[in-house]
Amino acid sequence: IPPVVAVVGRPNVGKSTLVNRILGRREAVVQDVPGVTRDRVSYDALWNGRQFVVVDTGGWASDATGMAAQIAGQAEIAIELADAVVFVVDATVGVMDEDEAVVRVLRRSQKPVVLAANKVDDPRTEAEAAKMWNLGLGEPYAVSALHGRGSGDLLDAILESL
Ligand code: GDP
Ligand code: MG
């Protein structure tokens, strides 16, 4: 049975774009506008000859009420079902309340976590990614899911965490 890797984080940080990057094809639906309810979708992935299942997560109510709690709740289910978790943050925006809510769930889960600081499209944003050390989740992997920058190192880290 291949191991399961869940990709979690608040809406719009680039989870689905990252899943597509991991798959090497466009299957996960990328949304420019957050608010479309989708739950967990699993895909078969392969890296360095190793098979694993990557789970894209979404699925949040469209009203802003209790959004952090809803996102954390969704993440909680995905984390529970996973062997390892990729936690995606948007390095261009920084850490928000909704991110902190997911961090608390991650800590409680004691699952291996790989931190992806996304939207680092160019070296100028590297410093923002480095600030994510403060989350206390280990090394932030600076990536651009859109352009592929850093995705190889991230994938290596994901497989090492399994
Ligand atoms: P999700 O809600 O977390 O699944 O985020 P999506 O993958 O749907 O992406 C949300 C938006 O961020 C889309 O407009 C993406 O094109 C954009 N995006 C995702 N990754 C990157 C990236 O690495 N760099 C930039 N500049 N934009 C990105
Ligand atoms: Mg998505």
Straight-distance crosslink candidates among aspartates and glutamates, where the alpha carbon sits under 13 Å from K131 and sequence neighbours closer than 8 are dropped: D90, E139
Selected from L106, F87, A116, residue furthest toward positive end of dipole (the stretch 83-162; charges at beta carbon): L106
Anisotropy class of the chain from Cα gyration tensor, a/c 1.5 cut: rounded
Derived scalar couplings ³J(HN,Hα) [the stretch 138-146; Karplus, 6.51 cos²θ - 1.76 cosθ + 1.60; whole Hz; x for Gly, Pro]: x, 5, x, 8, 6, 9, 10, 4, 5
Summed side-chain charge close to A142 - residues other than A142 whose Cβ falls under 13 Å, Lys, Arg +1, Asp, Glu -1: -3
Gyration tensor (alpha-carbon) shape descriptor, the stretch 89-162, a/c threshold 1.5: oblate
222 nm mean residue ellipticity, helices alone, for the chain (DSSP H n ≥ 4; -39,500 (n - 2.57); rounded to 500): -9500 deg cm²/dmol
Contact order normalised by residue count of the chain, Cα under 8 Å, 6+ apart, percent: 24 percent
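All of the numbers you see were taken from the coordinates with simple rules; none came from a lab. Please read all numbers here as calculations on a predicted model, not as lab measurements. Virtual Cβ from ideal backbone geometry, glycine too; neighbours counted across all protein chains shown.
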